[in-house]
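Reading through the structure tokens given below for one structure.
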Amino acid sequence: SDYEQLGYNLRSNLFRGGPLKSRSLMRDSYTPDVIQKAIRDPNNWHGRRIYELGKWYEKYFLDLNVQKAMKDKYG
């Protein structure tokens, strides 16, 4: 039966789970010296300045608050 096959597979350790060592595409693609030379600039996040992201989030949460207020007032 299916139950017996499942028990057999569990006892034989056919379902081993995930790999013990994770792999990274960046580490596989580049040599170690490229990764060590990489410079992370906290003020420049993916080509955007921190204050630009702050302004975006401020507008986003303001819009959410307006939507909530409109929903509460008009249903």
So, in segment 29-53, of the ones that are at pLDDT 75 or above and charged (D, E, K, R), which residue ends up most open to solvent (accessible area, probe 1.4 Å)?
37
Quickly run through segment 3-28 and pick out the residues that are open to solvent by less than 70 Å² (accessible area, probe 1.4 Å) and at pLDDT 75 or above.
7, 24
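The values are calculated or read from the model by the stated rules, or taken from the named source; none is laboratory data. Worth saying up front: this structure is predicted, and the values here are computed from it rather than measured. What goes into the accessible areas is simple: the full protein's heavy atoms, side chains included, and nothing from ligands, DNA or RNA. Shrake-Rupley method; radii C 1.70, N 1.55, O 1.52, S 1.80 Å.
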